[in-house]
1. Sort out for me the helices (runs of 4 or more DSSP H) sitting completely within segment 1-74 that have 2 or more residues that are in the same structural domain as Ile105 (by TED's automatic domain parsing), modelled with pLDDT under 90 and more than 17 Å from Gly127 (Cα to Cα).
2. I'd like to check something: does segment 268-286 contain any residue that is in a helix (DSSP H, G or I) and closer than 16 Å to Glu204 by Cβ?
3. Looking only at residues that are surrounded by fewer than 16 Cβ atoms within 10 Å (Cβ to Cβ), in contact with a helix residue (DSSP H, G or I) (Cβ under 9 Å, 6 or more places away or on another chain) and of a type in the set (Gly, Ala, Ser) in segment 114-124, which one is nearest to Asn31 (Cα to Cα)?
4. For residues that are within 17 Å of Ala258 (Cβ to Cβ) and either hydroxyl-bearing (Ser, Thr, Tyr) or in a helix (DSSP H, G or I) (or both), tally how many sit in segment 287-298.
5. For segment 250-266, state whether one or more residues are farther than 19 Å from Asp142 by Cβ, without any contact (Cβ under 8 Å) to a residue 12 or more places away in the chain and assigned to a loop (DSSP other than H, G, I, E, B).
6. Out of Ile81, Ile121, Ile103, which single residue is in contact (Cβ under 8 Å) with a residue 60 or more places away in the chain, more than 18 Å from the chain's Cα centre (by Cα) and part of a helix (DSSP H, G or I)?
7. Among the residues of segment 226-238, are any farther than 14 Å from Glu13 by Cα, of a type outside the set (Ser, Thr, Tyr), out of contact with any Cys (no Cβ under 9 Å at 6 or more places or on another chain) and crowded, with 18+ Cβ neighbours inside 10 Å?
8. Just wondering, is there one or more residues in segment 125-147 that are within 14 Å of Met18 (Cβ to Cβ), out of contact with any Phe, Trp or Tyr (no Cβ under 6 Å at 6 or more places or on another chain) and surrounded by fewer than 18 Cβ atoms within 10 Å (Cβ to Cβ)?
Amino acid sequence: MEDLYTLTPSRSEQAQEMNRLVRLLAQSGKNNFKKFVYDPLYKAAWERRAADARKTLEHLRAELKNPAYRNTLAPNCKRMIGAAMAENLSVFGDTVLFFLEVIQIIPQVGEAKESAEFMSILKGPLGVWQKEQDERSAYLFDRELNNMQDAQIAEALEPVKLGVTEERARINAEIQRLYQQILIASRADNYKRAGQLLSRYMIEYSDAEDYAEKDVRKVIDALKARDKTFEESLNALLATDLYYRISQGIMKGDLRAAVRMIRKYAHIFEGNPNIRYYYEIDRLERMLYNVITKKDLWKFIKKA
């Protein structure tokens with residue numbers, strides 16, 4: 001099983017992955033969140049005297065727009081998290097996610113010593129929880145698949161169908177609008193924005209009738225020519241988001257959503273074992289296909 005960060009992602013990619021894991025942890029229950037996020041920071045002596053951390057959070061959100069404050073964002077985030085630890089888990093969770101988001105979007109903050117310390121403290125505990133959660137997800141996925149009626153599995157395997165003409169027009173318009181935003185970002189060499197938009201576009205619409213697959217490839221190749229790390233970063237963004245959606249679907253008992261994301265992952269990455277989360281998601285995909293074979297549902301795969 002793949003360990004957290006074995007592919008040595010950038011600080012921004014690590015922050016994005018940790019952000020998703022912290023969100024999953026929060027959904028798994030208060031005890032897990034305390035054990036794997038709060039306790040490690042407490043043991044590292046990050047807790048400070050209680051203050052109005054929520055007010056500080058809003059203040060720092062406003063400071064994001066002012067480059068003059070970027071040198072102080074990381075130490076202020078550390079102080080804010082410490083204060084939130086003495087208040088309650090809700091505001092504490094919000095401050096942790098905020099710091100991770102800032103590390104993702106502002107390289108200057110990502111390089112700060114406070115950011116490195118923060119991620120170093122959480123890296124080990126999150127990796128432990130991730131392995132536990134992967135095993136739990138695999139067990140639940142297999143159990144629920146085998147308990148599903150044939151018709152329910154067939155429904156989960158069906159591609160998303162556009163309904164009435166108005167809905168089809170709305171989806172097509174959204175696809176075109178999003179694609180135009182991607183072109184604008186790519187022409188402006190805004191790699192991070194282009195990557196975020198491409199990730200959203202590919203996840204949401206890669207199985208839609210009007211998905212511009214060849215055009216997407218052209219945009220990726222053009223951006224890769226200007227930044228050789230672009231496609232690798234995009235793949236990390238896609239894989240992390242898909243892993244999060246799959247895990248969330250299983251956790252919430254929404255197997256249709258999980259199956260859709262598993263198939264999107266397989267479609268986008270075409271069995272590339274070098275992509276993040278390949279082994280975890282391939283394991284779930286094999287479980288899915290074993291159940292399909294056992295229930296003789298391959299005809300639905302062909303229709304899909």
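The values are calculated or read from the model by the stated rules, or taken from the named source; none is laboratory data. What you see is a predicted model, and the numbers here were worked out from it, not measured in a lab. So basically every Cβ, Gly included, is an ideal-geometry build from the backbone, and we count neighbours across all protein chains shown.
1. Values: elements: 11-28, 30-33, 39-43, 53-63.
The helices (runs of 4 or more DSSP H) meeting that bar are 53-63.
2. Here is the first cut: in segment 268-286, the residues in a helix (DSSP H, G or I) are 268-269, 278-286.
Still in the running and closer than 16 Å to Glu204 by Cβ: 268.
Scanning segment 268-286 turns up at least one residue that is in a helix (DSSP H, G or I) and closer than 16 Å to Glu204 by Cβ.
3. Checking each candidate, the answer is Gly124.
4. Residues of segment 287-298 within 17 Å of Ala258 (Cβ to Cβ): 287-292, 297.
Narrowing further to those that are either hydroxyl-bearing (Ser, Thr, Tyr) or in a helix (DSSP H, G or I) (or both): 287-292.
So the count comes out to 6.
5. To start, the set of residues in segment 250-266 that are farther than 19 Å from Asp142 by Cβ comprises 264.
Those still in the list that are without any contact (Cβ under 8 Å) to a residue 12 or more places away in the chain too: none.
No, segment 250-266 has no match at all.
6. Details: Ile81 fails: in contact (Cβ under 8 Å) with a residue 60 or more places away in the chain; Ile103 fails: more than 18 Å from the chain's Cα centre (by Cα).
Exactly one residue qualifies, and that residue is Ile121.
7. Applying the first criterion (farther than 14 Å from Glu13 by Cα) to segment 226-238 yields 226-228.
Right, trim to of a type outside the set (Ser, Thr, Tyr) and you get 226-228.
Filter once more, so that each one left must be out of contact with any Cys (no Cβ under 9 Å at 6 or more places or on another chain): 226-228.
Retained after the next criterion (residues that are crowded, with 18+ Cβ neighbours inside 10 Å): none.
The answer is no, given that none of the residues of segment 226-238 is farther than 14 Å from Glu13 by Cα, of a type outside the set (Ser, Thr, Tyr), out of contact with any Cys (no Cβ under 9 Å at 6 or more places or on another chain) and crowded, with 18+ Cβ neighbours inside 10 Å.
8. yes
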